[in-house]
Amino acid sequence: MDDLNHYRSICPSELAQLPVVNLYKELISGKRKALPSCTWEKDENVIIIVRYALEVHLGLKKEQIPKINRVVIKEQKLWGALNRFKSVRKLIQFVYPGRYNEFDFSRVPVNYWNNIQNIRDRLEWHLRREGIRIAEIPRKVNYDLLVEWGFSNPLKRHGHSPYRFMNALYPGRFKETDFKKIPQGYATNREFLKEQFMDMLRQEKIRFEDVPKKVTRQMLMKHRFSAALKHHRNSPLEFIQYLFPNQFSLDDFRTKPNGYWKDIDNVKREIMDLINREKVAEQDVPRFMTKQRLVEEGLTGLLHEYHGSPIEIIEAVFPGKYDVTEFQRVPNQHWHSPQNRAQALRTFCAKRGIGREELPRLNRAYFRKHFPRFISMVDRHYDSKFYRWIMESYPEYTFSPEEFRLLVGVDGQLCDSKEELEIHNFLIRAVVDGKVEREGCRFVNHEYDEVYIPDWVIEQNDRKWIVEYFGLYGSTRYKWYTEKADRKMQFYHSLADYTLIAIMPGDFRENGFRRIATLLISNGIQLHVHSSYCH
């Protein structure tokens, strides 16, 4: 340990004179393709090279060092160090032990936000830095400041409410009204509520005579009347009549008797009345009939009956006339249903006369040109593989891999590219007495609502590995690729039952199977390979 601390403490100019740095200089200058085997297994080499790369080659200041990301790692050819320590944070903490705390890094560790003590410690660190006492939180700490301090994740977990967030950290210490600039007892103060109500009308540009038709419960909640509404059975009608007695009659409000919206004839009558009143053309109905429009028309009861979905309402009034692609938005969770995804594609193709022979040509380029809204759905639910969506949507057809320009491995499993095919065939031949399965399982990252399908899962000697080839990492071809790859790696590292082996473009294109074999063996997989692969 003393020897390691020596390398951590020597001045940057001395680092440049050490032999391993000369090898590293040759690597980043392009004179050599890789460092000698096992370079990164020696602790002193990790400390020397990482310090030289960050402090000398990049000239980073102390506070900049923990902010580096995988782009910097790639540019400085430090993948070997990162693969060993699994995360940028762990690597930096090894090279500079005790120098940085969790707050200094751009990202926190996996499950960091699950620990309430971590959140409280981090908040109080910010409070001390800003000179804010805990008792002053309601007056001085608002939503925007919490986001600026990096608390977006825990805020989201508490409904984006500063009060709920603080109540989780300090149970019972604050009241909800402490966080609102309103006096105590506001919920029953008629004059104060009338003033606030009129201010709401000015902001929403609603004329007073239109109050019964346009002021909804959702609008009142948005303008902080939730506590006041509770005193009136959460009824906008009762609340408005309390504020302005004798100003409006019951006939002025769009209130409906219980069960009114369960009668489809009532639904059809109201929708057709709205369409005719606004002179909406038949083909424009899906774009016109938005949730906001229905709320503005006072039809929140109708929305509630149909799960907040204009699409369900229009389908009930005009069965089979419109498909989901014609609407501006789809309901929440709509694409989580395989039936909805299949029906969307089948309807899309039927309306355009796309037959079985043309289906394999429906790829990313096609939808980018003809219907881009499908692309994000396929990225999320099929890991960007359009052929999976097509095959799932048309189970009555038998497609061959060649139709989608897919490649078949030596064991019959499908691959998406020539590089994946070469890696796959190598794994099939090299793994000793193990199972190598392509895209055989799915994982859901609930934090980002993403589905991940690993390239390979290897099972051997009661252990499991996820092997992923990030062939476009760092490429500008798809802007979203690198960001999603980073989220994948972080998620896979969090899985207790699996070990992640990440193969980067340089691992294969520059070093071929030699580097891949080293990655597999160093992570505990037994291979049928020549010893030269590992030296």
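The values are calculated or read from the model by the stated rules, or taken from the named source; none is laboratory data. This one's a predicted model, so the numbers in the text were calculated from it and none came from an experiment. Quick reminder, even Gly has a Cβ in these numbers, built from the backbone with ideal geometry, and neighbours come from all protein chains shown. With ligands, DNA and RNA removed, areas are computed over all heavy atoms of the protein, side chains included. Shrake-Rupley method; radii C 1.70, N 1.55, O 1.52, S 1.80 Å.
Quick notes
- Rounded tilt (10° steps) of 418-430 against the dominant C-alpha axis of the chain: 60
- In this structure the amide hydrogen of TRP456, modeled in the peptide plane, comes within under 5 Å of the amide hydrogens of GLU439, VAL467, none closer than 5 places in sequence on its chain.
- Annotation: for a label point projected 7 angstrom from Cα along Cα→Cβ of GLU358, residues of segment 319-340 with backbone N closer than 19 Å are 323-326.
- Residue-wise HN-Hα couplings along segment 290-302, as the Karplus relation 6.51 cos²θ - 1.76 cosθ + 1.60 with θ = phi - 60° gives them from phi, are 9, 4, 4, 4, 5, 5, 4, 8, x, 9, 5, x, 5 Hz; Gly and Pro carry x.
- Antiparallel bridge percentage (DSSP; both residues within the chain; nearest 5): 75
- Shown here for segment 292-354: trypsin sites (Lys or Arg not before Pro) in loop regions (DSSP other than H, G, I, E, B) with at most 14 other Cβ atoms within 10 Å, namely LYS321, ARG329.
- Contour minus Cα-Cα distance for ARG190 and HIS528 (0.36 nm per residue): 113.5 nm
- Using θ = phi - 60° and Karplus 6.51 cos²θ - 1.76 cosθ + 1.60, couplings along segment 97-102 (whole Hz; Gly, Pro as x): x, x, 7, 10, 9, 4
- Shape class of segment 273-398 from the Cα gyration tensor (axes a ≥ b ≥ c, square roots of the eigenvalues): prolate, since a/c reaches 1.5 or more and a/b is larger than b/c.
- With coordinates expressed along the principal axes, the C-alpha atoms belonging to segment 79-143 extend over 49, 23, 18 Å, beginning with the largest.
- Three-way shape label, segment 201-340, alpha-carbon gyration tensor, a/c 1.5: prolate
- Heavy-atom accessible area order for GLU195, GLU468, largest first, 1.4 Å probe: GLU195, GLU468
- With the biggest extent put first, the Cα atoms of the chain measure 90, 69, 40 Å across the principal axes.
- Area of HIS370 that stays accessible when all protein chains are in place (1.4 Å probe, Å², to 10): 90
- Radius ratio Rg over Rh of segment 345-489, counting only Cα atoms, Kirkwood formula for Rh: 0.98
- Nearest-10 value in Å² for the accessible area of THR347, using the 1.4 Å probe: 30
- Helix axis angle, 19-29 relative to the chain longest principal axis, alpha carbon, degrees: 60
- Projecting the alpha carbon convex hull of segment 17-151 along each direction and taking the average yields 9.9 nm².
- Of the accessible area of the chain, computed with a 1.4 Å probe over protein heavy atoms only, carbon and sulfur atoms account for 47 percent.
- Where labels lie 7 Å past Cα in the beta-carbon direction, separation of LEU58 and ASP263 in nm: 7.0
- Environment charge of ASN22, counting only residues whose C-beta is closer than 11 Å and scoring Lys/Arg +1, Asp/Glu -1: +2
- Segment 447-515-segment 199-244 distance, computed between alpha-carbon centres (Å): 52
- For LYS464, the residues whose modelled amide H falls within less than 5 Å of its own, excluding neighbours fewer than 5 places apart on the same chain, are THR499.
- Ranked order, ASP144, ASP199, ASP383 - accessible area, probe 1.4 Å, largest first: ASP144, ASP199, ASP383
- Degrees, to the nearest 10: 264-277 long Cα axis against longest axis of the chain: 90
- Which of ASP462, ASP210 is most accessible, then next, and so on - probe 1.4 Å: ASP462, ASP210
- Reported to the nearest whole Å, the Cα centre-to-centre distance from segment 8-23 to segment 129-152 is 43.
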